[in-house]
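Values in this text are rule-based calculations from the coordinates and carry no lab data. Because the structure is predicted, anything quoted here is derived from the model rather than measured. We place every Cβ from the backbone using ideal geometry, glycine too, and count neighbours over all the protein chains shown.
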Amino acid sequence: MLELLTPSEMGEADRLTIAAGTPGAVLMDRAGLAVADAVATRHPLGHRIVVVCGPGNNGGDGFVAARVLAGRGYPVRLMLVGEADRLKGDAADAAARWRQRLPIEPLDKAAVAAADVVVDALFGAGLARPLDGEAAEAVAAINAGRGEVVAVDLPSGINGETGAVMGVAVKADVTVTFFRRKPGHFLLPGREYAGRVRVADIGIQPDVLTTIGARCFLNAPGLWREHWHPPAVSGHKYVRGHAVVVSGPVATTGAARLAAGAALRIGAGLVTVASPPDALIVNASHLTAVMVRSVDGAEGLAGLLADHRLNAVVIGPGLGTGPETVARVATVLDGPRAVVLDADALTSHRDDPAGLFARIAGRSHPVVMTPHDGEFARLFPDIAAAGLPKTDRARQAAARSGAVVVLKGADTVIAAPDGRTAINDNAPPWLATAGSGDVLSGIIGGLVAEGMPGFEAAAMGVWAHGAAGERAGIGLIAEDLAPALRDVLRALAADAS
Ligand SMILES: NC(=O)C1=CN([C@@H]2O[C@H](COP(=O)(O)OP(=O)(O)OC[C@H]3O[C@@H](n4cnc5c(N)ncnc54)[C@H](O)[C@@H]3O)[C@@H](O)[C@H]2O)[C@@H](O)CC1
Ligand SMILES: [K+]
C-alpha cells in the first residue's frame with residue numbers, strides 16, 4: 001500500500017477498472033460510502049453534517065456520502081458550489097438520487113460555521129487551476145467553521161501531484177482517499193492540510209499498478225526492510241563492511257565525527273575517519289570505537305582506499321570547498337566502493353557538475369548524494385528553476401547524475417536513476433538542527449557499507465534519521481541522534497524477525 005498515485009495515474013486506475021467491468025457509478029458509490037463511514041465512526045447520531053459539493057466527481061462522492069448519512073438518520077444539509085443542471089455523468093446521477101428526498105442548497109456560510117462536521121467534496125483529482133470566486137469563499141467558510149473537516153480524496157485546493165496550494169485550500173482534520181494515497185498528501189504544504197489520511201478500498205485491483213507503472217512511494221519500512229539484515233549470530237564485523245568518513249581541517253572535524261558515529265551505530269562493521277595529519281590529534285581525542293587514520297590529501301586517500309575492504313566512503317561534511325575537495329571526490333569515485341556525497345563535496349562541483357556526473361556514470365557501486373535545496377540548485381540549476389514538483393526535481397537529477405538523490409527538507413524525497421521515488425514524512429521539526437545532515441550522510445554510508453543497494457539504503461537512512469529524531473524529541477541536538485538509533489533499530493529488528 002505504499003504506492004502514491006498522481007491524479008493522472010489515479011485516473012488511469014479508474015479507467016482500467018471501468019474497462020474491466022466495474023461501472024464508474026459503483027466506484028463512486030463505494031467512495032461515498034467510505035466517506036460516510038469515516039464520518040459515522042467519528043460522530044454520533046444527532047451531530048449536524050454539512051456536505052459541500054463541487055461540480056465534478058469529487059462532488060459526486062459528496063452526494064453519495066450525504067445520502068448514506070441522511071439514510072442513517074443524521075441531520076444532513078448539502079450545499080453545491082456551481083449549478084446543479086451542469087452536473088454530468090455519475091455525479092449528475094448521484095445528485096438526482098439525493099434530490100429525490102432532500103434539497104440541493106446554495107452555500108450557507110452560517111450553516112457551515114455551525115456544523116459539527118463539514119464534508120469537503122469541492123475538488124479532488126480534477127483541480128485544474130487556482131481557486132477563486134465562490135469556490136474560494138466556500139474554502140474560507142469551511143476553514144472558519146468550528147466543526148471537524150473531512151476531506152474527500154484531497155483537501156480542496158491542494159494539488160494531488162505536487163502538494164501545492166492552488167490559491168486557497170481546505171484545512172482538513174481527516175482526508176479519505178481511495179485505493180492509494182497521493183503525493184500531494186505528503187509533499188509540503190499539502191501534508192499540513194490533509195490531516196490524517198485514510199485509504200478506502202473501492203474495489204480497484206492492485207494489478208492495475210503494474211500497468212500504470214507506479215514508481216512513487218511513501219517512505220516506510222515496507223519499501224526497504226527486506227534489503228536490511230540485522231546482525232546475525234553467525235555474522236562477523238568484517239561482513240558488515242568498513243565505512244570511511246573523510247574529515248575536514250582542524251576547525252571543522254566535528255561533522256565527520258558525527259557522520260562516523262552514525263555509520264557505526266546503524267551497523268557498519270568498522271568505521272574509520274580519514275583525518276588530515278594536522279587534525280589527527282583532535283579527531284583521535286574524540287573517538288573511541290571509530291578508528292582514525294592520518295591521510296594526507298587526495299593521494300593519501302588513494303593509499304588508504306587501495307585496501308578494498310574499505311567498501312564505502314562518506315565525503316563532504318565539514319570538508320571545505322575547492323579543487324582539493326574535487327580531487328578527493330575523484331579519488332573516492334575511482335574504485336569499487338559505495339560513495340555518499342554531501343555538503344562541500346557537492347558545492348565544490350558547482351562550476352562543473354557535468355564533470356562530477358561523468359565520474360559517476362557507469363559505476364556499478366552505488367553513489368548517493370544528499371543535497372538540501374541550496375546545494376541542489378548549485379548542481380542542477382535548470383531543474384531547480386523549472387518549477388517542477390519536488391518528486392520530479394529529484395527524479396530528473398537522479399537520472400542526469402546517475403546517483404541516488406536525497407533532496408532534503410521536511411518532506412525529503414529520495415529518487416533513483418531508474419525513476420523510483422520515495423517521499424518521507426516522519427521527520428519532526430526539531431530534526432532541522434546543526435549537524436543533523438552529517439548524521440544522515442553517516443547513516444546512509446553505514447547502510448551502503450553493510451551492502452544495501454543505494455536507493456534502499458538512502459530511503460532507510462532518511463526514515464531511520466526521522467524516527468531517531470522523533471524518539472529523541474524536542475530539544476534534540478545532532479549528538480542525540482546516534483544513541484536514539486538504538487531504539488529504532490531494535491524495533492526494526494523485532495519487526496523483521
Ligand atoms: N479516479 C477514481 O478512481 C475515482 C474518482 N472519484 C472521485 O472523482 C474525483 C475526481 O473527479 P473529477 O475528475 O471530476 O474532478 P473534480 O471533481 O476534482 O473537479 C473537476 C471539476 O472541477 C472543475 N474545476 C477544476 N478546477 C477548478 C477551479 N479552480 N475552480 C472552479 N472549478 C474548477 C472542473 O471544470 C470540473 O468540473 C476524485 O477526486 C474522487 O473524489 C471517485 O468517485 C471514485 C473513483
Ligand atoms: K475534496
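Output the residue which, of all residues in segment 1-56 that are among the small types (G, A, S), under 30 Å from P221 (Cα atoms) and within 16 Å of ligand 2 (Cβ to nearest atom), is surrounded by the most Cβ atoms within 10 Å (Cβ to Cβ). Of everything passing the filter in segment 1-56, A31 is surrounded by the most Cβ atoms within 10 Å (Cβ to Cβ).
Considering the conditions (1) buried (at least 19 other Cβ atoms within 10 Å of the Cβ); (2) out of contact with any Cys (no Cβ under 7 Å at 6 or more places or on another chain), A121 is excluded by exactly one of them, (2).
Residues in segment 344-359 that are touching an Asp or Glu at 6+ places or on another chain (Cβ under 8 Å) and farther than 11 Å from L379 by Cβ: R359 alone. Candidates L280, L264: the one that is more than 25 Å from W228 (Cβ to Cβ) and in a helix (DSSP H, G or I) is L280.
Every test in (1) within 24 Å of R30 (Cα to Cα); (2) touching a Phe, Trp or Tyr at 6+ places or on another chain (Cβ under 9 Å); (3) away from ligand 2 (no atom under 12 Å from the Cβ) is passed by T175 save one, and that test is (3).
Here is a yes/no grid of residues against (1) of a type in the set (A, V, I, L, M, F, W, C); (2) in a helix (DSSP H, G or I); (3) within 20 Å of G454 (Cα to Cα):
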site: V239; (1), (2), (3): yes, yes, yes
site: A256; (1), (2), (3): yes, yes, no
site: T288; (1), (2), (3): no, no, no
site: V292; (1), (2), (3): yes, no, no
site: L310; (1), (2), (3): yes, no, yes
site: L319; (1), (2), (3): yes, no, no
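Determine which member of the set A135, A125, A141 is in contact (Cβ under 8 Å) with a residue 24 or more places away in the chain, within 15 Å of ligand 2 (Cβ to nearest atom) and out of contact with any helix residue (DSSP H, G or I) (no Cβ under 8 Å at 6 or more places or on another chain).
Among A135, A125, A141, only A135 is in contact (Cβ under 8 Å) with a residue 24 or more places away in the chain, within 15 Å of ligand 2 (Cβ to nearest atom) and out of contact with any helix residue (DSSP H, G or I) (no Cβ under 8 Å at 6 or more places or on another chain).
Within segment 441-474, the set of residues being more than 19 Å from H229 (Cα to Cα) and either in contact with a helix residue (DSSP H, G or I) (Cβ under 7 Å, 6 or more places away or on another chain) or β-branched (V, I, T) (or both) comprises S441, G466, G469, R471, A472, I474. On inspection, R350 fails the criterion of being outside any helix (DSSP H, G or I), free of Cβ contacts under 8 Å to residues at least 60 places away in the same chain and surrounded by 16 or more Cβ atoms within 10 Å (Cβ to Cβ).
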